[in-house]
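Asks: Once you've had a glance at the structure underneath, I'll fire off some questions.
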Amino acid sequence: MPLSHAELAKKLEQVLKPSSVLSGAAAERAYDCDAYTVDRSNPTAVVLPETTEEVAKVVKWCCENNVPFTARGAGTGLSGGVLPALGGVVISTKKMVQILEIDVKNRCLLTQTGIANKRLSDAVKQYGLHFAPDPSSQTVSTIGGNIGENSGGPHTLKYGVTAQHVLGVTMVDPKGEILHLGGKVEGAPGYDFVGLIVGGEGTLGVVTEAWVKLVPIPKEVSTALIAYSSVNQATQTVADIIAAGAIPAALEMMDQGILRAVKLGFGFDYPEGTDSMLLIECDGEPDAVRRDMEIVQEICRKNGAIDIRVAQDEAERARLWLVRKKGIGAMGRMAPSIVTHDGVIPRSKLPEMLEFVYEVARRKEIGVANIFHAGDGNLHPCFYFDDRDQDQVKRVVEAGEEIISRCIALGGSVTGEHGIGVEKIDLMSLMFSEADLELQAKSKRIFNDGMLCNPCKVLPNQKSCVEHRARWRGTAW
Amino acid sequence: MVDPQQPLTAKTLQPETLAEISASVADEKGSLVFNAGAILHPFGMPSPFRRMWMKAMAQQMQAEGFPPPPEFQDIQLSQDDFISLLTTTGISLDDYTGIIEHDVDDQVVVVRAGTPLLELQYELGQVGQCLPIPTLEPPQAMATAAVYSPLIDEIGYNLPHGLAAQCGSWRDWIIGMKVVQADGTIAKCGSKAVKNVAGYDVQKLMVGARGTLALIAEVTLKTFPIKALPEHQVRFMRRPGNRPANWIQRTQRSDFEAAVRSNSEVLTAFDSASSTLWAVVPPSQTLQRFPGDWVIRSGAGPENIVFSDPTATELMIRAKEVFDPTRRMNPGELGVV
Ligand SMILES: Cc1cc2nc3c(=O)[nH]c(=O)nc-3n(C[C@H](O)[C@H](O)[C@H](O)COP(=O)(O)OP(=O)(O)OC[C@H]3O[C@@H](n4cnc5c(N)ncnc54)[C@H](O)[C@@H]3O)c2cc1C
């Protein structure tokens with residue numbers, strides 16, 4: 001006989017202290033999904049451990065009692081990674097927020113994984129260092145979640161994704177054993193387990209502590225916002241900058257749909273006739289930044305830029321970033337619902353892909369705006385529509401499928417940073433053959449060959465999992 | 001019976017297509033040793049196949065009037081070695097070379113893993129691109145143990161290079177891979193997109209695995225514009241003669257100065273940016289070790305690679321069981337697996 005929710009919570013209160021266990025309708029509602037709200041599933045109980053040992057106790061208990069468990073950070077994930085698909089215990093890292101050691105000399109720190117990304121950089125700013133991965137959610141999203149999703153951000157182009165910044169982890173494996181993997185010295189011989197765990201979406205164990213790299217804060221930062229009268233000019237600029245070898249720290253693009261929304265929402269002004277904008281940031285040594293910015297501006301002009309604004313101070317820099325940072329939020333004003341996608345294509349295919357996105361939107365008669373990490377070829381087409389109209393919903397679903405399929409056909413990926421979770425699980429077989437998926441399944445089996453640790457994520461066709469085949473792709477607000 | 005006077009008699013196949021590689025792996029029954037043609041990677045582990053190869057090399061060098069290096073001399077093959085060699089097949093990717101696809105604008109290249117690194121560098125260089133591994137002149141290459149072997153070995157052995165701190169290493173450049181698994185099945189991971197989080201990063205597991213989990217057949221790599229390449233900061237020492245470095249050590253930044261100072265007699269090169277040092281160290285000796293550091297060696301037998309952490313060792317064995325249950329892929333090449 002399975003335990004009732006209340007009974008299970010009572011048992012867990014014997015494993016951890018009662019104040020570290022949440023149960024009941026409110027807790028179940030609060031922990032039934034992440035920022036991908038389309039799919040939901042109630043947990044049986046939620047635990048808030050404070051240490052690695054407490055996590056290990058909970059996982060061991062779950063194993064002994066055959067109860068599924070799922071690690072959860074801030075719940076800002078965009079693919080349903082934290083949804084307790086088969087119920088069971090949500091292990092929240094909310095109380096695991098300590099920085100345990102700062103090693104300035106070796107430019108790294110050891111932290112518990114429930115801490116928000118931004119707090120790491122805040123803690124080491126005084127030493128002229130920062131933690132480079134900067135997902136837009138960085139004020140809330142946790143290091144554990146960043147590790148789970150191998151998150152990127154606007155500055156990924158130059159600094160790389162989370163995988164490039166995690167040196168070692170302490171992880172409670174799916175059997176409840178505590179593993180210390182990797183360490184402060186990079187590149188050690190042996191299998192790169194840390195590289196596999198980063199991006200493992202919480203299916204390989206619960207990461208409780210991590211050694212992460214710290215990078216010197218760049219001495220100089222120069223930010224420019226460039227306006228174009230055609231999208232093609234902007235995409236060509238992206239290709240030319242990459243080819244020129246001047247690797248900007250950030251290279252972001254917004255099309256007219258986004259610009260209109262930011263104008264409406266935040267009074268952001270842009271030159272008459274603007275069809276798209278690039279936000280380009282160069283950082284590093286002052287001389288190099290000046291040189292790179294000159295190269296960048298020359299390329300922009302050559303491609304027909306109608307306006308180039310270079311920030312003269314920090315306040316202006318923040319204003320220029322506004323259009324990128326508030327872009328998606330501003331879309332919320334355009335229609336009752338929006339859905340943002342996360343596809344990747346080889347970056348030279350940007351013009352072709354963008355044209356395709358517009359064509360799909362026209363054909364399906366839905367509004368679309370585009371904002372993306374152009375330097376990485378990571379697009380976030382954003383459809384706006386009215387979700388009370390079932391026909392519109394159907395067309396949005398179809399549009400999403402077409403776009404993601406085109407990303408695969410162009411040699412890209414179904415996700416650049418939001419992960420597979422439950423959202424894209426059925427798309428995995430469009431990108432990977434059965435043999436490819438089995439190869440991935442093998443790497444998962446090194447750590448997890450059961451159905452208890454974050455089941456029903458990443459790999460399709462898992463036992464007892466319900467897979468939805470016709471839902472909105474991406475995130476809905 | 002293998003004739004000790006006729007080394008290199010263990011069967012060696014040189015497949016020319018992916019299908020042939022797959023068939024070679026599937027059809028051969030015993031152990032498989034992936035090598036780059038006639039050369040075995042100097043940082044590999046002792047094995048019957050390696051002993052056989054070293055003996056052959058020593059004989060060849062002697063015949064040509066060169067004294068073989070000490071570790072190549074007096075190699076005896078045991079009865080067990082012979083038995084093992086009877087059931088070992090070498091698979092060389094020497095005939096599986098060349099670029100499959102190079103998207104110059106995307107700075108992405110898909111290449112067969114038998115391609116020598118320098119050949120790939122040359123091809124990429126034609127369009128102003130490269131992999132950010134410095135190509136050094138022979139004395140400096142020897143000082144940093146740079147082998148410039150085919151990609152299958154470069155990736156498999158994953159040795160430090162002079163721009164690791166500035167530009168990363170194979171784990172950062174490989175965005176996709178095709179492998180042939182222990183049963184011959186071909187599978188791919190990753191994609192041609194420079195950013196991708198679809199599924200598990202299996203390719204990272206293959207980097208540095210020395211072919212013990214699967215045979216790397218093709219790789220998709222990010223390339224770098226040559227003009228954006230930073231200068232490496234490796235310092236070369238004139239000592240100690242013309243032997244290639246056989247000791248590679250990386251320490252924490254905080255210990256590096258002390259490591260360089262205490263080993264200055266035997267150092268061939270050091271890179272402060274990545275806290276890596278290269279040295280020539282006799283097989284029976286070791287240099288001072290520091291907390292959290294790691295070492296890989298060449299010519300020191302089982303000491304070439306030592307895993308002291310029981311957790312990592314146990315996991316490595318587990319990974320081997322999952323990927324290669326009959327332990328036939330490059331057995332022993334990574335010490336415990
Ligand atoms: C407004 C907004 C902006 C965003 N911007 C970006 C962006 O720029 N770039 C980007 O990449 N993403 C972005 N995201 C997505 C999301 O913020 C990231 O995926 C983030 O890393 C998730 O962190 P989290 O703490 O919220 O993790 P959660 O959502 O709680 O969890 C995410 C996944 O990680 C696993 N996990 C969590 N903690 C652990 C742990 N300790 N051990 C093992 N697994 C764990 C979970 O099981 C789950 O699979 C954005 C989201 C929002 C809502």
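Asks: In nm, give the distance between the simple-model label positions of A:Val310 and B:Ile99, each being 7 Å from the Cα along the Cα-to-Cβ direction.
Replies: 3.4 nm
Asks: Related question: Mind checking the angle between helix A:231-244 and chain A's longest principal axis? C-alpha axes, 0 to 90 degrees, to the nearest 10.
Replies: 80 degrees
Asks: From Cα coordinates alone, what are the radius of gyration and Dmax values for segment A:1-117 in angstrom?
Replies: For segment A:1-117, the Cα-based Rg and Dmax read 15.1, 56 Å.
Asks: Show the residues, 5+ positions off or on another chain, whose built amide H is closer than 5 Å to the amide H of B:Ala217.
Replies: B:Lys178, B:Val179, B:Val180
Asks: Hey, fewest Cβ within 10 Å first, where do A:Asp386, A:Asp283 land in order?
Replies: Going from sparsest to densest Cβ surroundings: A:Asp386, A:Asp283.
Asks: Over the Cα atoms of segment A:157-219, what is the Rg over Rh ratio if Rh follows Kirkwood?
Replies: Over the Cα atoms of segment A:157-219, Rg/Rh equals 1.01.
Asks: How big is the convex hull of the Cα atoms of chain B, per residue, in Å³?
Replies: On the way: hull volume 48.9 nm³, N = 337.
Considering the Cα atoms of chain B, their hull volume per residue is 145 Å³.
Asks: Please compute the net charge surrounding A:Val21, taking Lys and Arg as +1 and Asp and Glu as -1 over other residues with Cβ under 14 Å from its Cβ.
Replies: Summing Lys and Arg as +1 and Asp and Glu as -1 gives +1.
Asks: When the dipole is taken about the Cα centre of the protein assembly as shown, and only Lys, Arg (+1) and Asp, Glu (-1) are charged at their Cβ, what size is it in debye, to the nearest 20?
Replies: Numbers: 79 positive and 97 negative charges, 290 e Å.
Charge dipole, the protein assembly as shown, about its Cα centre: 1400 debye, nearest 20.
Asks: Now, a different point. Starting from one equal scatterer on each C-alpha and no solvent at all, send me the Debye-based log10 I(q)/I(0) for segment B:51-165 at q = 0.09 Å⁻¹, two decimals.
Replies: Debye curve over Cα of segment B:51-165, log10 I(q)/I(0) at q = 0.09 Å⁻¹: -0.37.
Asks: Please list, short to long, the whole-number percent of alpha-carbon pairs of segment A:8-73 in consecutive 10 angstrom bins beginning at zero.
Replies: Pairs per bin, as whole percents: 20, 54, 24, 2.
Asks: Only Cα pairs under 8 Å and at least 6 apart count here; give the relative contact order of segment B:99-227 as a rounded whole percent.
Replies: Reported relative contact order: 34 percent.
Asks: In debye, nearest 20, what is the charge dipole magnitude of segment A:248-401 about its Cα centre with +1 on Lys and Arg Cβ and -1 on Asp and Glu Cβ, if you could check?
Replies: For segment A:248-401, the charge dipole is close to 320 debye.
Asks: OK, next. Based on the alpha-carbon gyration tensor of segment A:93-235, what equivalent-ellipsoid semi-axes (square roots of 5 times the eigenvalues) come out, in whole Å, largest first?
Replies: Numbers: eigenvalues 163, 65, 43 Å².
That gives 29, 18, 15 Å for the three semi-axes.
Asks: How many percent of all Cα-Cα pairs in the protein assembly as shown sit more than 52 Å apart?
Replies: Tail of the P(r) past 52 Å holds 14 percent of the pairs.
Asks: State, to one decimal in nm², a quarter of the convex hull surface area for the C-alpha atoms of segment A:97-176, i.e. the direction-averaged projected area.
Replies: Its average projected convex-hull area is 5.5 nm².
Asks: Shifting gears a bit: In Å and whole numbers, how far do the C-alpha atoms of segment B:71-138 stretch along each principal axis, longest first?
Replies: 56, 28, 15
Asks: Taking neighbour Cβ counts within 10 Å as the exposure measure, how do B:His161, B:His102 sort from fewest upward? Show your work: numbers first, answer last.
Replies: Details: B:His161 23, B:His102 20.
The most exposed by this proxy come first: B:His102, B:His161.
Asks: Check the protein assembly as shown for me: any Cys whose beta-carbon has no other cysteine beta-carbon within less than 4.7 Å?
Replies: Within the protein assembly as shown, the cysteines lacking a partner Cβ under 4.7 Å are A:Cys33, A:Cys62, A:Cys63, A:Cys108, A:Cys282, A:Cys300, A:Cys382, A:Cys407, A:Cys453, B:Cys130, B:Cys167, B:Cys189.
Asks: Dipole of chain B (Lys/Arg Cβ +1, Asp/Glu Cβ -1, origin at the Cα centre): which of B:Ala217, B:Pro70, B:Ala300 lies farthest to the positive side?
Replies: B:Ala300
Asks: Once each part is reduced to its C-alpha centroid, what is the distance from segment A:33-59 to segment A:69-97 in angstrom?
Replies: 4 Å
Asks: Comparing B:Val219, B:Val202, B:Val111, which has the greatest mean-square fluctuation in the GNM of chain B with Cα pairs linked when under 10 Å apart?
Replies: Answer for the Gaussian network model of chain B: B:Val202.
Asks: Would you mind listing how long segment B:99-227 runs along its three principal axes, going by Cα atoms, in whole Å with the largest first?
Replies: Its Cα atoms span 41, 32, 25 Å along the three principal axes.
Asks: Just the Kirkwood number for segment B:161-301, please: inverse of mean 1/r across all distinct Cα pairs, in Å, one decimal.
Replies: By the Kirkwood definition, the hydrodynamic radius is 17.4 Å.
Asks: I would also like to ask the following. Among the lysines, which fall within straight-line cross-link reach of A:Lys175, defined as a Cα-Cα distance under 20 Å, with same-chain neighbours fewer than 8 residues apart omitted?
Replies: Here the lysines satisfying the reach criterion relative to A:Lys175 are A:Lys11, A:Lys57, A:Lys60, A:Lys442, A:Lys444, A:Lys457, A:Lys463, B:Lys320.
Asks: Give the shape of segment A:48-108 as rounded, prolate or oblate, defined through the alpha-carbon gyration tensor: a ≥ b ≥ c are the square roots of its eigenvalues, a/c under 1.5 means rounded, and otherwise the shape is prolate if a/b is larger than b/c and oblate if not.
Replies: Cα axes put segment A:48-108 in the oblate bin.
Asks: Ok, one more. With a 10 Å cut-off between alpha carbons and a GNM built on chain B, which of B:Asp293, B:Asp95, B:Asp271 moves the most?
Replies: B:Asp293
Asks: Report the residue, chosen from B:Glu64, B:Glu16, B:Glu314, that carries the largest GNM mean-square fluctuation when chain B is represented by alpha-carbon nodes joined by springs under 10 Å.
Replies: Sorting by GNM fluctuation, first place goes to B:Glu64.
Asks: On to the next question. Of the listed peptides B:70-76, A:444-450, what is their order by residue-averaged count of other C-beta atoms within 10 Å, with the highest listed first?
Replies: With the highest mean Cβ count within 10 Å placed first, the list reads A:444-450, B:70-76.
Asks: For q = 0.07, 0.09, 0.12 Å⁻¹, what log10 I(q)/I(0) does chain A give under the Debye formula with an equal point scatterer on each alpha carbon and no solvent?
Replies: -0.37, -0.62, -1.09
Asks: Magnitude of the Cβ-charge dipole of segment B:184-231, K/R +1 and D/E -1, about the Cα centre, nearest 20 debye?
Replies: Roughly 100 debye for segment B:184-231.
Asks: Oh, and also: Counting each pair of different Cα atoms once, what's the Kirkwood radius of segment A:335-447 in Å, rounded to one decimal?
Replies: Hydrodynamic radius (Kirkwood, Cα only) of segment A:335-447 equals 14.9 Å.
Asks: Separate question: So what's the convex hull volume per residue for the Cα atoms of segment B:256-337, in Å³?
Replies: Spelled out: Cα convex hull of segment B:256-337, divided by residues, is 118 Å³.
Asks: Looking at the calculated P(r) for segment B:11-91, what percent of the C-alpha pair distances fall above 17 Å?
Replies: 52 percent
Asks: Can you work out D for segment A:220-329 in µm² s⁻¹ from Stokes-Einstein, where Rh is the Kirkwood radius over C-alpha pairs, the temperature is 10 °C and the viscosity is 1.306 mPa s? Walk me through the intermediate numbers first.
Replies: On the way: Rh = 13.8 Å.
My calculation gives 115 µm²/s for D.
Asks: Tell me, what are the semi-axes, in whole angstrom and largest first, of the equivalent ellipsoid of segment A:163-258 as set by the roots of 5 times the Cα gyration tensor eigenvalues?
Replies: Output for segment A:163-258: semi-axes of 39, 17, 13 Å.
Asks: From the P(r) of segment B:290-331, could you give the percentage of C-alpha pairs in the tail past 14 Å?
Replies: Of all Cα-Cα distances in segment B:290-331, 63 percent exceed 14 Å.
Asks: At a 10 Å Cβ-Cβ cut-off, how would you order B:Ser274, B:Ser254, fewest neighbours first? Display every interim value, and only then the final one.
Replies: Values: B:Ser274 24, B:Ser254 17.
So the ranking, lowest neighbour count to highest, is B:Ser254, B:Ser274.
Each reported figure results from applying straightforward, stated rules to the coordinates on display, with no laboratory input. On a predicted model such as this, the values are computed, not experimentally measured, just so you know. Positions of Cβ are backbone-derived with ideal geometry, glycine not excepted, and every protein chain shown enters the neighbour counts.
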